[in-house]
Amino acid sequence: MDLTLFAQLLISGLLLGGVYALSSIGLTLIFGVMKIVNFAHGEFLMIAMYLSFWLHHLLRIDPYLSIAIVAPALFGLGLLTYRGCVRPTLGAPHLSQIFVMVGLSIVIENVALLWWSADFRTVSLDYLRAQIVLGPWPAVGMEEIIVNPGRLIAFIVGLSISVAFYFFLKLSYSGKIIRATAQDRSTALLMGIDIDKVYRTTFAAGLLLVGVAGALMIPMFTVHPFVGFEFVLVMFVVVVLGGMGSVVGAVLAGLLIGVLEVFTDFVIGPDSKQAVYFLLFIAVLVLKPSGLFGLKGEEEIERIEAIE
Amino acid sequence: MNARILVGLVLILALLVGQAAAQDVWRIGTILPLTGPQAKNGIKNFDGIKIATDMINETGGVLGKKVVLVSADASEPQAAASEANRLITNEKLTVIVGTQSSSLAMAATVVAEQNKVFYLENEGVSSQITGRGFKYVFRTTFSGDMMANQMVDYAVQVLAPKLNKDAKSLRMAIIHEDGGFGTSTGTALQKHAKALGLNIAAVETYSAKTADLSGLVLKLKQSKPDVLLTAQYINDSILFHRQSAELRFSVPVIGTTAGQGTPDFYSALTKEAEGILAGGIPSEISIDRLGAEQKADAGEFVKRYQASHNGEYPSPTAFVGFAGAWILYKHIMPKAGGLDPEKLREAALALDVPPGKGVLNWGVKFSPPGAPDAGQNVYASAGISQWQDGKLRLVFPKEIAAAEAK
C-alpha cells in the first residue's frame, strides 16, 4: 500500500470516526450520569435529522444554521421525555427501564413512518461538493488527498464539544455537581444537590448533543425512519469501548472504530468490517470491562431509588 | 341499555354481516411489508394490487363475484411465515399474493407450498424462489438471473463498443449488498460473466446498513475497472455514489431499480445521477407497445395511481403489483373457475399469453413442474434503464427500448 493510499484511508477513517463520536457523545453522557441506557438514542438522532431536513426543504434554512433551532428543540424534547418516560422508571428494575426506552424507540420509529413515510430523503449542499484537496507533495512521493468538508466539520465539532465538556465537568461548579451525582447519588443527595434537576438537565443535554449531531449529519447521510437503527449499534460499541460515561473515551473510541472500519474495508473487504470491530469490542470487554477510558466499576449498573 | 353493551352488539352484528358477505366474494390474501425498512416499496406494491382489485370489481368482478383483499403486514421473514400461516389457517384462504422482497418471499412461499396454497409472487426476484421445485408457487415477474444476465449483456453489447474495447478485455467489477437480494444478484452476475468468459476485476460484498464505503471505493479504484455492476438498495447506493464522486472514482455503473433506479436516488444525486444505468422492471415502454385492450388497462391504472398519489407516476414496484394481480384476475381465476388451488395450478400451467398480450408488455407462460425454474413466468422480461435529463429511460434490450443509450 503506498503512502498516499494509506493517508487517504487514515483520513477517511478519522472523518468517519468523527461522525461516530459526535453521534455517541449524548448517549455516553446520559449513561455516565444517570446509569440509564437510552435505547431510543438512534431514534432521537433520526428526529434531529428529519427536523434539519424539513427546515432545509420547506424554509430553505441551511442545515448548519438549523442547529440553532434543532438543538434547542431536542433539548425541549429531552425535558418532555424525561418527565414522561425516564423519571417514572428511575426507581424501577433495570429491565423495566430497558422496556420503556426500547418501547419508546419503536413508537418513534413508527410515528416517523406514518408522518414522513419510508422515503429516503437527502439534503444536497452545493458548497459541500467542493472538496478540500491536500497535497500533492512530490518530495515524499505523495499524491493528492481528498477531504470531505461535511465530515471535516462534523469531526471538528465533535472534538470541540468533547473538549469543552471535559473542561466543563472538571472546572465548573455545575460540572462538579454532575460528577458528584454520577459518582455517588446518595451522598450527593445528602449534600443538598437537587438530583432531579441534574438528571433532567443531563438527559435534555444528551438530546441537545444528538440534535447537533443530526443537523451536522444530514448533508452527508440519507434520512429515513430507520436511520437510527443503522447507527445505534455502532454507537453502543463506541460508548462501551470508550468507557461508559466517558465523553473523551467516546471520541477516541469513535475514531478508532472509524479507522478500523475503513482499513478493514480496504484490506480484508467490506463484508468483514463488523466482525473485526466486534472482535475488538469483545477483546476489550474481556480484558478491561470498564472500557478503554472508563473508571473501574463504571459498567456496573446500580439500582437507584425513585425520585420523590 | 348500557352503552358498552350496545357497542358490543353492534360489533357482533357487523361481524355477522361481514361473515355473510364473505360467502359471495373471492377472498385473496396479500403479504407485503407495510411497515419496516421495506415499507416504501411494499406499500406501493399493495397500492398496485388494490387498484387492480378496484378496477376488476367495478367491471363486475371475477365470474360475477367481487374480489376482497385480506391484507397482512410482514416486515421480516419470520413474520412473513407466520402471517402466511395465519392467512391459511385462521382466514382459510387458498390464494396469497405477495411479497415484494425476496427474503420475505422465501419464507412465505415455504408455508404456502406445505399447505398446498396457491402463491403468486409478483416482485421478489431471487432465483431461488422458483428454484426449489415447488408446485404451488408461481412468479409473474422476472427472476434475478434474468435481470443479471441482461446487466452483463448490456455491458458487453452496448458499453464495450462505446468504450472501444472488445468484450474479453473489458474489466468488470461487481459489488453487492450482503442480503438475499444482493447475494443472489451478485452470484448471477458472476455466473453469467464467467459463462461469457469475461474479465472480472473485482467482486466485493458489504452490508447495506453501513455508514461508510470509502474503503470499498478506494479498493475498487485500485482494481481499475471499465464498468461496475452493482446490486444495491437506495441508502447504500446514494452513499456509494456520493463517496465515489468525492474520491474521484468514476466509471459507468449498471445498478438495479432497487437502488440506482429509484426517484430518491436521483433526487439525492441529481446531475451526478445522469447516465447511470439500472437493470430491473421495464416500466416505461410497456404502454406504447401494448395491444389496444392492454393499453387501456395499463393507462387506467396509471391514471388511478396518479390520482391517489399526488400525480406521481407509478414506480416499477407498483406496476408489478398491478400486473401480478391483473394476471390472476384476468387470466388465471376465470380459467380455474374459482380459488381452488389445484385448479388454479392447472389453469396457470396451461396459460400461454404471448408477449404484448399481457399487461406491462409481458406475456405469461409458467415454466412447468420439473424444470429448474418451475413456476417462473418465462415471458417476463427485465430491462436496462438510464437516467437521462431526470427521467429513467428504457435503453435495453433493443427490441423494447424507448430511448437511445447515452
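The values are calculated or read from the model by the stated rules, or taken from the named source; none is laboratory data. Just so it is clear, the structure is predicted and the values come from calculations on it, not from any experiment. Positions of Cβ are generated from backbone atoms using ideal geometry, with glycine treated the same way; all protein chains shown enter the neighbour counts.
Considering every residue within region A:126-141, establish whether at least one is away from chain B (no Cβ under 14 Å) and part of a loop (DSSP other than H, G, I, E, B). Yes. Taking B:V203, is it surrounded by fewer than 24 Cβ atoms within 10 Å (Cβ to Cβ), facing chain A (nearest Cβ under 10 Å), in contact (Cβ under 8 Å) with a residue 12 or more places away in the chain and of a type in the set (V, I, T)? Against the criterion (surrounded by fewer than 24 Cβ atoms within 10 Å (Cβ to Cβ), facing chain A (nearest Cβ under 10 Å), in contact (Cβ under 8 Å) with a residue 12 or more places away in the chain and of a type in the set (V, I, T)), B:V203 qualifies.
Selection over region B:217-238 of residues that are within 8 Å of chain A (Cβ to nearest Cβ) and surrounded by 24 or more Cβ atoms within 10 Å (Cβ to Cβ) gives a count of 3. Exactly one residue out of B:T53, B:T30 is assigned to a helix (DSSP H, G or I), at pLDDT 95 or above and surrounded by 19 or more Cβ atoms within 10 Å (Cβ to Cβ), and it is B:T53. Hey, does region A:116-123 have a residue that's within 28 Å of A:Y64 (Cα to Cα), away from chain B (no Cβ under 13 Å) and assigned to a helix (DSSP H, G or I)? No: zero hits.
Before we move on, is B:V156 away from every other protein chain (no Cβ under 13 Å) and outside any loop (DSSP other than H, G, I, E, B)? Can you show your working first?
Details: away from every other protein chain (no Cβ under 13 Å): yes; outside any loop (DSSP other than H, G, I, E, B): yes.
Judged against the criteria, B:V156 is a match.
Looking at this structure, is A:F44 closer than 16 Å to A:G243 by Cβ, more than 13 Å from chain B (Cβ to nearest Cβ) and either crowded, with 23+ Cβ neighbours inside 10 Å or at pLDDT 95 or above (or both)? Here the answer is no, as A:F44 does not meet what is asked.
One residue alone among B:A405, B:A347, B:A336 is surrounded by 14 or more Cβ atoms within 10 Å (Cβ to Cβ), more than 21 Å from B:S101 (Cα to Cα) and not assigned by TED's automatic domain parsing to the domain that holds B:V67, and that residue is B:A405.
Within region B:27-52, residues that are more than 8 Å from chain A (Cβ to nearest Cβ) sit with their Cβ atoms under 6 Å from residues that are in a helix (DSSP H, G or I) and among the basic types (K, R), at 6+ positions apart or across chains, in these pairs: B:I51/B:R304. Of all residues in region A:140-179 being over 30 Å from A:G214 (Cα atoms) and aliphatic (A, V, I, L, M), which is surrounded by the most Cβ atoms within 10 Å (Cβ to Cβ)? Out of the qualifying residues, it is A:M142.
Put simply, of B:A278, B:A258 the only residue that is crowded, with 16+ Cβ neighbours inside 10 Å, at pLDDT 90 or above, more than 25 Å from B:Q222 (Cβ to Cβ) and not aromatic (F, W, Y) is B:A278. Of the residues in region A:14-25, at least one is surrounded by fewer than 24 Cβ atoms within 10 Å (Cβ to Cβ), closer than 21 Å to A:A250 by Cα and touching a helix residue (DSSP H, G or I) at 6+ places or on another chain (Cβ under 7 Å). Among the conditions (1) within 14 Å of chain B (Cβ to nearest Cβ); (2) at pLDDT below 95, the only one that A:M49 does not satisfy is (2).
So that you can scan it fast, the table gives a plain yes or no per residue for (1) at pLDDT below 90; (2) away from chain A (no Cβ under 14 Å); (3) assigned to a helix (DSSP H, G or I); (4) under 29 Å from B:V70 (Cβ atoms):
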site: B:L269; (1), (2), (3), (4): no, no, yes, no
site: B:K295; (1), (2), (3), (4): yes, yes, yes, no
site: B:F301; (1), (2), (3), (4): no, yes, yes, yes
site: B:Y305; (1), (2), (3), (4): no, yes, yes, yes
site: B:P314; (1), (2), (3), (4): yes, yes, no, yes
site: B:H331; (1), (2), (3), (4): no, yes, yes, yes
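Residue count for region B:159-200 satisfying the condition of being part of a loop (DSSP other than H, G, I, E, B) and more than 14 Å from every other protein chain (Cβ to nearest Cβ): 8. Of all the criteria given as (1) touching a Lys or Arg at 6+ places or on another chain (Cβ under 7 Å); (2) surrounded by fewer than 19 Cβ atoms within 10 Å (Cβ to Cβ), the one not satisfied by B:S82 is (1). Within region B:201-242, which residues are among the basic types (K, R), under 28 Å from the mean Cα position of the chain (by Cα) and not in a helix (DSSP H, G or I)? Scanning region B:201-242 gives a single hit, B:K209. Of the numbered criteria (1) in contact with a strand residue (DSSP E or B) (Cβ under 6 Å, 6 or more places away or on another chain); (2) buried (at least 24 other Cβ atoms within 10 Å of the Cβ); (3) free of Cβ contacts under 8 Å to residues at least 12 places away in the same chain, the one A:D271 fails is (2).
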